[in-house]
Amino acid sequence: MRKLTQAQKDRIEELIRQMTLEEKIGQMNQESPSIVGGFTVPFGELIEMLTDGRLSKEEFGKIMSESKQDYHEDDIRAGRVGSLMVQDPAKVNELQKIAVEESRLGIPLIFGLDVIHGFKTVFPIAIAEAGTFDPDLMKKTARMAARESKAAGVSWHFAPMLDIARDARWGRVSEGPGEDPCLASAFATAKVTGLQEGESPDDPYVAACLKHYIGYGACESGRDYNTVNMAMHVFYNHYLKPFKAAVDAGAQTVMAAFNDLNGIPCTVNKFLLRDILKKQLGLPGFVVSDANAIRECINHGIAADDLDAGVQAALAGMDMDMGTGIYKNQLQKAVEEGKVPMEVIDEAARRILSTKMWLGLFDHPYVDEEAMHRYDVLPQEHLDLALEAGERSIVLLKNEGDILPLDPSAKISVIGTLADQAEEVVGAWALSWRKEDCVSLWSGIQKEFSKAKYFPCGGPEGSMNEEEITEAVAYGDVIVAVLGETIAMSGEASSRADITLPGKQHQILEKLLESGKPVVLVLMNGRPLALGWEDAHVPAIVEAWHLGIRMGDAVARVLSGKKNPEGRLSSSFPAMTGQCPVYYNHPNTGRPASKSKFTSRYLDAPLDSLYPFGYGLSYTSFDFGNLNVRDQGDVLMIGVEVKNTGKRAGTTTAQLYTQDVAASLVRPVKELKRFAKVTLEAGEIMRVYFELPKNELGFFDNEGKYRLEEGLFRIYVGQNSRECLCQPVELKF
Ligand code: BGC
């Protein structure tokens, strides 16, 4: 893990001594280019017009292309900007030159951007990639994103997004690693290491920015930006875990979440920022607000005005203001009036300078000319990794009668507008891709299936073309229906109150099924969908998420059987929306759901999720047996036999769960503790071992105190969180 040297620390202190108050506050100010001119209404209203349809995408694009951008050059020159959001390397160098050569102290800018699941090489969205259960792969994709973005001058990623999310109505479930803290922690460690650590001294690295700290994924009813109430034991045991893992792995920076947590917005929450994040976890770098979030404290009803919001944020430990200008405009006055002590400003400036120093920006502020164009054409290695990540993220949900894989010479009708839209493969929050790199499903399928034919028929946008459906059904021996969500239906500000297939897609499926021909449903989507109806009626279902630039190839290779699916669900899928939030590791109740009426259940929904966390099928089958738990003092040694009982090689994920049967707090019915990928030839058997330190069987109470309580535990091992072998053990610590 890279740390600052004493000489670098001294250099920072020297700068702090030389800086004026205005210059220190300047470091705490992040700007993005402001759009100026070319339109007559305020920019915010323009966005509203685009959202509510008063303005078409084309009209908006035209206005943008005619407008000018203000890059705040004068403020940079005056030392009033610490960071900017820009991704054009030539622009980065131009602005950096002003900061380094024309500002009084020559402090470099740090350029940040949302690089959530790849930069030019876009990989699967996080919820999908987490389902590979493969931290090495997660690290490799982060490494590649770091190299690519650094070549464009972006050395700070607003990633990884580590929000545990249990409610699929929330649009941002797509950006994070799912519902489980253990998997999310493995994801966090892999991503931070991949971003921040090169493989050799000259391998480029960037600073991670963990977000959204914290509890954003628990927004009430899955509605974005909504309030969050959470018991503190849930906070410590579930939501904080991936953040802790990431800081332990050396993460430099953190972005605070928009929401309030138990009544105090994270932006001004001293307990969260100073006590937990900085003191307890030991964050080395700085905290940035989310976009506009300091000003939103006025809407939260916690601050009277800009000055009040800025003062509260600074006092709470918020080091950098994203986009409001409140620090820039109000903090000097606040310090002069004694509302914010100078030490608070010094600390923020010191933390920001320290991340810049850690990144080497003082010595190498510019993007070198040669690197700038390194990824104008994506190297084969990048395309290959995108394909591998795509293929391995695909989850086979259902395969009745072994319809899949399909015969490459079969006549296949490919249905659905999503199938032919190359730009739909990248998923929410992908900003730097090029359309020519994206492989649509239709173009991938054509390479694998010579007799495939495409019929748009309709899609998530609400359309349905019955004539095309009739033609499609007449042509194909098999129908591949590519349905789901457009990328605009997940991600930020994209919560949905009904998470069934949008538009007329359900009717399209009904019509296809009426034909009696075999139907394979391939889903492109950014959240768990409510698939109760589809599961009951469609024989084969493939969850393909938004898989990034090689999506079409990845899906086609799974359909043809060149790739045997191995992805697992990182989030439970409900049968119907009303079950949300539905997650496997829920607390025990006094009346666990059962067939009996007076239990914790709905009258009109199944007792449990449709597909549980960790679930996913293969073209072969696996059997787990002979679970054995040995108490070896400080550790439990857990062994299980895994057998490939099918006719071809394949990969499964052995998952170890535990349950504390009687504790001083209500505990989850199961908690993932370890997982291992197992690849076996047909008929092969392997014994898999997990070593579990007993001190991992404790939990945090509401005061944040870790408790290890002896008594009965259940040890579960299985292929998903529902189907497990179980062995009870009595433990003393
Ligand atoms: C999002 C963040 C993102 C930021 C900067 C905000 O709206 O919530 O996730 O990093 O914008 O683009």
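The values are calculated or read from the model by the stated rules, or taken from the named source; none is laboratory data. Being a predicted model, the structure only gives us computed values, none of them experimental. Note that each Cβ is placed from the backbone with ideal geometry, even for glycine, and that neighbours are counted across all protein chains shown. SASA here: full protein model, heavy atoms, side chains in, ligands and nucleic acids out. Shrake-Rupley method; radii C 1.70, N 1.55, O 1.52, S 1.80 Å.
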Query raised in the report: Somewhere in region 280-292, is a residue within 15 Å of the ligand (Cβ to nearest atom) and either open to solvent by 40 Å² or more (accessible area, probe 1.4 Å) or on the phi > 0 side of the Ramachandran plot (or both)?
Result: yes
Query - Complete set of residues in region 409-448 that are among the basic types (Lys, Arg) and in contact (Cβ under 8 Å) with a residue 60 or more places away in the chain - result: Lys411, Arg434, Lys447
Query raised in the report: Only one of these conditions is not met by Ala309: (1) assigned to a loop (DSSP other than H, G, I, E, B); (2) surrounded by 24 or more Cβ atoms within 10 Å (Cβ to Cβ). Which number is it?
Result: (1)
Report task. Only residues that are within 15 Å of His546 (Cβ to Cβ) and either open to solvent by 50 Å² or more (accessible area, probe 1.4 Å) or assigned to a loop (DSSP other than H, G, I, E, B) (or both): list them for region 480-501, please. Result -> Glu485, Thr486, Ala488, Ser490, Gly491, Glu492, Ser494
Query raised in the report: Within region 342-387, how many residues turn out to be within 18 Å of Gly153 (Cβ to Cβ), open to solvent by less than 40 Å² (accessible area, probe 1.4 Å) and hydroxyl-bearing (Ser, Thr, Tyr)?
Result: 2
Query raised in the report: Mind checking whether some residue in region 158-167 is over 30 Å from Thr500 (Cβ atoms) and of a type outside the set (Gly, Ala, Ser)?
Result: yes
Report task. Answer yes or no as to whether Gly639 is open to solvent by less than 40 Å² (accessible area, probe 1.4 Å) and more than 23 Å from Gly178 (Cβ to Cβ). Result -> yes
Query raised in the report: Considering only residues of region 293-302 that are within 16 Å of the ligand (Cβ to nearest atom) and not hydrophobic (A, V, I, L, M, F, W, C), which is surrounded by the most Cβ atoms within 10 Å (Cβ to Cβ)?
Result: Arg295
Query raised in the report: Assuming Glu400 fulfils every condition listed in (1) surrounded by 24 or more Cβ atoms within 10 Å (Cβ to Cβ); (2) out of contact with any Ser or Thr (no Cβ under 9 Å at 6 or more places or on another chain) apart from one, which condition is it?
Result: (1)
Query raised in the report: Across region 690-704, what is the number of residues that are farther than 18 Å from His238 by Cα and surrounded by fewer than 16 Cβ atoms within 10 Å (Cβ to Cβ)?
Result: 2
Report task. Kindly indicate the residue of region 431-451 that is open to solvent by less than 20 Å² (accessible area, probe 1.4 Å) and touching a strand residue (DSSP E or B) at 6+ places or on another chain (Cβ under 6 Å) and also farthest from the ligand (Cβ to nearest atom) among those meeting that condition. Result -> Phe449
Query - From Phe243, Phe258, residue being in a loop (DSSP other than H, G, I, E, B), within 16 Å of the ligand (Cβ to nearest atom) and not β-branched (Val, Ile, Thr) - result: Phe258
Query raised in the report: Gly194 is checked against (1) farther than 18 Å from Ala430 by Cα; (2) outside any loop (DSSP other than H, G, I, E, B); (3) within 16 Å of the ligand (Cβ to nearest atom) and fails just one. What number does that condition carry?
Result: (3)
Report summary line: Heads up, the strands (runs of 3 or more DSSP E) in region 1-84 (entirely inside) with at least 3 residues that are open to solvent by 50 Å² or more (accessible area, probe 1.4 Å) are 68-70
